[in-house]
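The values are calculated or read from the model by the stated rules, or taken from the named source; none is laboratory data. What you see is a predicted model; the values in this text were computed from it and never measured. Glycine gets a Cβ as well: all are built from the backbone with ideal geometry, and neighbour counts include every protein chain shown. The accessibility values were calculated without ligands, DNA or RNA, using every heavy atom of the protein model including side chains. Shrake-Rupley method; radii C 1.70, N 1.55, O 1.52, S 1.80 Å.
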Amino acid sequence: MNSSTNLPDRHDGLIAALLWYGTLLASAVIGAGILLAAADALDPALEMSAIGYGLIKIGVVIFILLPVSRVMLMMILFLQARDYVYMAIAALVLAIIGAGVLIGL
Amino acid sequence: MDMTTVLWLFAVAFGASALGGMLGMASGIFIVPILILAFGIDIHVAIAASIVSVIACSCGSASPFLKGRLTNVKLAIVLETATTLGALTGVLLIGIIPTPFLYALFSLILVLSAQQMMARRRQLIRNTPPDPASWATRLRLHASFPDRALGTDIPYQVDRVPLGMFLMYGAGVISALLGIGSGVLKIPAMDTALRLPIKVSSATSNFMIGVTAAASGGAYLVRGDIDMGIAGPVALGSVVGALAGARLLMRMPAEKLRILFSVVLIALAIQMMLSALDIQIWGS
């Protein structure tokens, strides 16, 4: 019952790696942005504020995209496993998130 | 962007998240009141900023649960159809709902969280064979998880998926409206309706929160509701704090911490309720 009901472990490992390295990337980008903004506050002649703010924004966007890319990855993994019911469920979740973005526009 | 404020935001998010992490709870429920009460930030800005930190904490803490095979990813994606739909509803409602009502709702959720923190989580495990006609059976949701103490895999059933989805929809609405992970609604749904083992319930709930919050976070982002100077340091502080808190989890006397947290939650609830009433008084 177990092997047929769960994705194989390596799939869980892939999802774990995506979320972990994505978190590291987004955190590093936000951290770098804050440091640049701080450098600007100490010495405004450096004019780092705009770059710092831009980096923070990129980091925040990476964080918001991270769960979305996790659902995309799961959709691909379900497709590979020929599990079309779950592929459709993952696609539905993506469609709902997309609808939210459209509402926001 | 005022640098001192940015550093304070980082420090406070770190502290709240580290303390929350020690009790295995998300920090969003503390972040929003702190941003409003201590930093004087508008409630809508606080909610949008907090949603980013909710995503960050969910993603940052998912890996050990996945590797420990505690997360039921199939159940997560099924329930996410309900939580994201709820989040969408919340995004539509937040523009219409009067601000005092948001304060009052937040106050109510804080009280429920305090009550939940003091209550013991009960585990209801059924031993009867799974109903072949149930949603959970047809969607192949029954699974097993490894128990380290016993050294074997323990199979479990997933119960009452439609009821669980209904409650998850509500959790999604609250998450988007208040900028929190709404564990306060997810935990009863997963423990009581779906009757999952506690470890599976916690891991799966934490896994789902990121996608739920991304549904509202994406909408708030394109709407321009997210103040990067606030969201950035709060998200970074929260994720680093959550990781630090999880490490400290074992070393603290949890019972005293629980009581302290409940008191803090009630104090924040009173303050938020006063804010709700104040605005009504000034408004009229």
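Simple spin-label model, 7 Å along Cα-to-Cβ: residue B:255 to residue A:32 in nm?
Each label point is offset 7 Å from its Cα along the Cβ direction, giving 4.9 nm.
Enter the angle in degrees (range 0 to 90, nearest 10) between the Cα long axis of helix A:84-104 and the first principal axis of the Cα atoms of chain A, meaning the one along which they spread out most.
For helix A:84-104, the angle is close to 30 degrees.
Report the label-to-label distance for residue B:112 and residue A:51 in nanometres (one decimal), using points 7 Å from each Cα along the Cα→Cβ vector.
4.7 nm
With springs only between Cα atoms under 10 Å apart, run a GNM on chain B and tell me which of B:53, B:63, B:205 wobbles the most.
Result: B:63 has the largest fluctuation of those listed.
Of the candidates B:138, B:69, B:160, which one comes out as most mobile in a Gaussian network treatment of chain B with C-alpha springs shorter than 10 Å?
Of B:138, B:69, B:160, the most mobile in the Gaussian network model is B:138.
Quick one: helix A:49-80 against the long Cα principal axis of chain A, what's the angle to the nearest 10°, folded into 0 to 90?
Helix A:49-80 sits roughly 10 degrees off the main axis of chain A.
Mind listing the phi-derived Karplus ³J(HN,Hα) values for segment B:106-118, rounded to whole Hz, using 6.51, -1.76 and 1.60 with θ = phi - 60°, and x for any glycine or proline?
So the J values, rounded to whole Hz, are 4, 4, 4, 5, 5, 5, 4, 5, 4, 5, 5, 5, 7.
Which of rounded, prolate, oblate describes segment B:3-276, given a ≥ b ≥ c as roots of the alpha-carbon gyration tensor eigenvalues and a/c under 1.5 marking rounded, otherwise prolate only if a/b is larger than b/c?
Since a/c reaches 1.5 and a/b is larger than b/c, the shape of segment B:3-276 is classed as prolate.
Using a 1.4 Å probe, what is the accessible area per residue for the protein assembly as shown, in Å²?
Roughly 43 Å² per residue, with all protein chains present.
If I fit a long axis through the Cα atoms of helix B:43-67 and take the longest principal axis of the Cα atoms of chain B, what angle between them do I get, 0 to 90°, rounded to 10?
Taking the Cα atoms of chain B, the angle to B:43-67 is about 30 degrees.
Using only helices, what value at 222 nm comes out for chain A when you add -39,500 (n - 2.57) per DSSP H run of length 4 or more and divide by the total residues, to the nearest 500 deg cm²/dmol?
Mean residue ellipticity, 222 nm, calculated: -30500 deg cm²/dmol.
Using a Förster distance of 22 Å, how high is the FRET efficiency between residue A:25 and residue A:94, based on the Cβ-Cβ distance and rounded to 0.05? Display every interim value, and only then the final one.
Values: r = 21 Å, r/R0 = 0.97.
Computed FRET efficiency for residue A:25 and residue A:94 comes out at 0.55.
How many Cβ atoms of partner chains, on average, are near each residue of B:75-81 if near means within 10 Å of its Cβ?
Mean partner-chain Cβ count within 10 Å for B:75-81: 5.
Dividing the Cα radius of gyration by the Kirkwood radius, what Rg/Rh value follows for the protein assembly as shown?
Values: Rg = 20.4 Å, Rh = 21.1 Å.
Ratio of gyration radius to Kirkwood radius: 0.97.
Please list the non-local residues whose amide H lies under 5 Å from the amide H of residue B:154, H modeled 1.01 Å from N, same-chain partners needing a gap of 5 or more.
Result for residue B:154 returns B:145, B:147.
Can you give the helix-only mean residue ellipticity at 222 nm for chain B, where every DSSP H stretch with n ≥ 4 adds -39500 (n - 2.57) and the sum goes over all residues, rounded to the nearest 500 deg cm²/dmol? Walk me through the numbers on the way to the answer.
Values: 11 runs with 202 residues, N = 284.
Value at 222 nm, helices only: -24000 deg cm²/dmol.
For chain B, which whole percent of the accessible surface, found with a 1.4 angstrom probe, sits on carbon and sulfur atoms?
Exposed carbon and sulfur together represent 67 percent of the surface.
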